[in-house]
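**Q** If you scroll down you'll find the structure; I have some questions about it.
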Amino acid sequence: MDSVTQIVLGAACGELALGKKIGNKALLFGAIGGTIPDLDVYVGRLFYSNEIDIMMFHRGFMHSFLFCLIGTFAFGWLVYKLYDNGKRKDTTSLKDWFWLFGLSLFTHPMLDCFTPYGTQLFTPFSNYRVAFNNISVVDLGYTLPFLICMIVVMFYKRSNVKRLFWTKLGLGLSSFYMVLTLMNKVYMNSVFEKSFKEGNITFSRFRTQPTFFNNILWYGIAEGENNYYVGYYSLLDSEAKVDNIMELPKHHDLIDMQHPDIKQLSLFSDGYFNLKKMDNNEIRYNDLRYPFFNPNDRNSSIFKFMLMKEGERWNIKSVDHESPKREDFEAFLKRLKGV
């Protein structure tokens, strides 16, 4: 999930492990531990120059169980050696630091698994991306109550039992919300599957995920032989049915789908992507795991980039960071309200 959420969760792990002994410093070290896996966006650039390789490295090895296991002992030992000196001598144990980094590191990729992006937990033994698709990468319903609870923790002395109460409350509220999103996911799957079938759409598979910042408006995509079919459904809709399903041509014939780099991109997107030939003959890659800025505009993909050929390899020329227009937000809010 987003960096703020991972920092908050990491801080909570730090409090559980060492809060009674070192107070707010436990929150700081836990937040650091919860941030470490996402440093792969920078580490990847040290090893690779191709943007496809760099993108594939994110949520790869540094989000795996193996890395978390190694990191637990490596970071735990290192910080213990740096911390356990002078006036702080014997105030903590090596086991305490193993617990802190173990909790903060392992919970990071586990939380990421609930988002649509996917996480390669089993690297290097498998490149399978675990993605439950039940919560947005940014969801204030999960993060905000949790964040408030952890801020409250900071104002109590380390010996005060209320620190543990507020930490558990934050974890409880966020976990309860996560369970609600999982229940919502089951319902949304039934609505979209029924709607695709009633629309006489022949599909081999489909997936659903919430749109950004909320768990009310959901996006669904089904894969046919030559096309994808996408639609939106809000919990505020008057009828349990997707009323407007758009057809998106795959256009996979625009490129050699057997090329290793394209196979990597396909794996990255779980096969949900289409291509578009631009006016300058460049090829745009649209990752269809994510909804559009504007539910009514099929050209407003939120995750898209241009491809270019460099020798025998494909590379990403540029990522389209086009900001949504006012009418896009208005269309999004209108659809969220079930209008």
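**Q** Would you be able to say whether some residue in the range 328-338 is over 29 Å from residue 184 (Cα atoms), over 25 Å from the mean Cα position of the chain (by Cα), of a type outside the set (S, T, N, Q) and assigned to a loop (DSSP other than H, G, I, E, B)?
**A** Quick first cut of the range 328-338, residues over 29 Å from residue 184 (Cα atoms) only: none.
Checked the range 328-338: no residue is over 29 Å from residue 184 (Cα atoms), over 25 Å from the mean Cα position of the chain (by Cα), of a type outside the set (S, T, N, Q) and assigned to a loop (DSSP other than H, G, I, E, B).
**Q** Does the range 197-207 contain at least one residue that is over 30 Å from residue 4 (Cα atoms), of a type in the set (Asp, Glu), part of a strand (DSSP E or B) and over 21 Å from the mean Cα position of the chain (by Cα)? Step through it out loud before you land on a result.
**A** So the first thing to find is which residues in the range 197-207 are over 30 Å from residue 4 (Cα atoms), and the list is 197-206.
Checking which are of a type in the set (Asp, Glu) leaves us with 198.
Filter once more, keeping what is part of a strand (DSSP E or B): none.
No, the conditions are met nowhere in the range 197-207.
Table: residues versus (1) under 28 Å from residue 285 (Cα atoms); (2) of a type outside the set (Asp, Glu); (3) open to solvent by 10 Å² or more (accessible area, probe 1.4 Å); (4) in contact with a Leu (Cβ under 9 Å, 6 or more places away or on another chain).
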{"site": "182", "(1), (2), (3), (4)": "no, yes, yes, no"}
{"site": "202", "(1), (2), (3), (4)": "yes, yes, yes, no"}
{"site": "210", "(1), (2), (3), (4)": "yes, yes, no, yes"}
{"site": "227", "(1), (2), (3), (4)": "yes, yes, yes, yes"}
{"site": "241", "(1), (2), (3), (4)": "no, yes, yes, no"}
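**Q** Continuing with this model, one more query. Evaluate the following for residue 292: is it buried (at least 21 other Cβ atoms within 10 Å of the Cβ) and more than 22 Å from residue 336 (Cα to Cα)?
**A** Judged against the criteria, residue 292 is not a match.
**Q** How about the range 260-290: which of its residues are over 18 Å from the mean Cα position of the chain (by Cα) and closer than 20 Å to residue 117 by Cα?
**A** Here is the first cut: in the range 260-290, the ones over 18 Å from the mean Cα position of the chain (by Cα) are 260-264, 274-285.
Result: 261, 262, 263, 264, 274, 275, 284, 285.
**Q** If the Cβ limit is 6 Å and pairs must be 6+ apart or interchain, which residue in the range 260-286 that is modelled with pLDDT of 95 or more and among the aromatic types (Phe, Trp, Tyr) pairs with which residue that is assigned to a loop (DSSP other than H, G, I, E, B) and surrounded by 15 or more Cβ atoms within 10 Å (Cβ to Cβ)?
**A** Matching pairs, first to second residue: 272/288; 272/289; 273/288.
**Q** In the range 306-317, what residues are open to solvent by less than 50 Å² (accessible area, probe 1.4 Å) and without any contact (Cβ under 8 Å) to a residue 60 or more places away in the chain?
**A** Here is the first cut: in the range 306-317, the residues open to solvent by less than 50 Å² (accessible area, probe 1.4 Å) are 306-307, 314-316.
Selection gives 306, 307.
**Q** Taking the condition of a type outside the set (Gly, Ala, Ser) and either closer than 14 Å to residue 336 by Cα or free of Cβ contacts under 8 Å to residues at least 40 places away in the same chain (or both), does residue 179 pass? Even if it seems obvious, please write down each step before you answer.
**A** Numbers: of a type outside the set (Gly, Ala, Ser): yes; either closer than 14 Å to residue 336 by Cα or free of Cβ contacts under 8 Å to residues at least 40 places away in the same chain (or both): yes.
So residue 179 fits the description; yes.
**Q** Residue check: is residue 52 over 15 Å from residue 164 (Cα atoms), at pLDDT 95 or above and touching a strand residue (DSSP E or B) at 6+ places or on another chain (Cβ under 8 Å)?
**A** Details: over 15 Å from residue 164 (Cα atoms): yes; at pLDDT 95 or above: yes; touching a strand residue (DSSP E or B) at 6+ places or on another chain (Cβ under 8 Å): yes.
Spelling it out, residue 52 is indeed over 15 Å from residue 164 (Cα atoms), at pLDDT 95 or above and touching a strand residue (DSSP E or B) at 6+ places or on another chain (Cβ under 8 Å).
**Q** For the range 1-60, give me each residue that is among the polar types (S, T, N, Q) and open to solvent by 70 Å² or more (accessible area, probe 1.4 Å). Please lay out each step first, then the result.
**A** Kept after step one, since they are among the polar types (S, T, N, Q), are these residues of the range 1-60: 3, 5-6, 24, 35, 49-50.
If the condition is that a residue be among the polar types (S, T, N, Q) and open to solvent by 70 Å² or more (accessible area, probe 1.4 Å), then 3, 49 are the ones that fit.
**Q** Here is a further query. Being closer than 22 Å to residue 293 by Cβ and of a type outside the set (Ser, Thr, Tyr) narrows it down to one of 237, 256, 261, so name that one. First the steps, then the outcome.
**A** Numbers: 256 fails: closer than 22 Å to residue 293 by Cβ; 261 fails: closer than 22 Å to residue 293 by Cβ.
Within the list 237, 256, 261, the selection yields 237.
**Q** If you don't mind, there's one more thing I want to ask. Looking at the structure I just gave you, is residue 295 in contact with a strand residue (DSSP E or B) (Cβ under 7 Å, 6 or more places away or on another chain) and either more than 21 Å from residue 257 (Cα to Cα) or among the β-branched types (Val, Ile, Thr) (or both)?
**A** Working: in contact with a strand residue (DSSP E or B) (Cβ under 7 Å, 6 or more places away or on another chain): yes; either more than 21 Å from residue 257 (Cα to Cα) or among the β-branched types (Val, Ile, Thr) (or both): yes.
Considered against the rule, which asks whether it is in contact with a strand residue (DSSP E or B) (Cβ under 7 Å, 6 or more places away or on another chain) and either more than 21 Å from residue 257 (Cα to Cα) or among the β-branched types (Val, Ile, Thr) (or both), residue 295 comes out as yes.
**Q** Which of the residues that make up the range 299-327 are outside any strand (DSSP E or B) and not hydrophobic (A, V, I, L, M, F, W, C)? Quick ask: steps written out before the conclusion?
**A** Taking the range 299-327 first, the residues outside any strand (DSSP E or B) are 299-300, 302-303, 311-312, 320-327.
Hits for the range 299-327 are 299, 300, 311, 312, 320, 321, 322, 323, 324, 325, 326, 327.
**Q** Residue 259: on the phi > 0 side of the Ramachandran plot and not acidic (Asp, Glu), yes or no?
**A** Working: on the phi > 0 side of the Ramachandran plot: no; not acidic (Asp, Glu): yes.
No, not satisfied.
Residue-by-condition table, conditions (1) in contact with a helix residue (DSSP H, G or I) (Cβ under 6 Å, 6 or more places away or on another chain); (2) open to solvent by 20 Å² or more (accessible area, probe 1.4 Å); (3) in a strand (DSSP E or B):
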{"residue": "222", "(1), (2), (3)": "yes, no, yes"}
{"residue": "230", "(1), (2), (3)": "no, no, yes"}
{"residue": "244", "(1), (2), (3)": "no, yes, no"}
{"residue": "248", "(1), (2), (3)": "no, no, yes"}
{"residue": "258", "(1), (2), (3)": "no, yes, no"}
{"residue": "264", "(1), (2), (3)": "yes, yes, no"}
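**Q** Of the conditions (1) assigned to a loop (DSSP other than H, G, I, E, B); (2) over 22 Å from the mean Cα position of the chain (by Cα); (3) modelled with pLDDT under 95, residue 212 fails just one. Which one is it?
**A** So the condition that residue 212 fails would be (2).
**Q** Follow-up question, since we're still on this one. Could you figure out which of (1) over 21 Å from residue 7 (Cβ atoms); (2) touching a residue at least 40 places away in the same chain (Cβ under 8 Å); (3) open to solvent by less than 90 Å² (accessible area, probe 1.4 Å) isn't true of residue 189?
**A** Of (1) over 21 Å from residue 7 (Cβ atoms); (2) touching a residue at least 40 places away in the same chain (Cβ under 8 Å); (3) open to solvent by less than 90 Å² (accessible area, probe 1.4 Å), only one is false for residue 189: (2).
The values are calculated or read from the model by the stated rules, or taken from the named source; none is laboratory data. Note that the coordinates shown come from a computational prediction; the quantities given were computed from them, not determined experimentally. For neighbour counting, all protein chains shown are included, and Cβ atoms are generated from backbone atoms with ideal geometry for every residue, glycine included. With ligands, DNA and RNA removed, areas are computed over all heavy atoms of the protein, side chains included. Shrake-Rupley method; radii C 1.70, N 1.55, O 1.52, S 1.80 Å.
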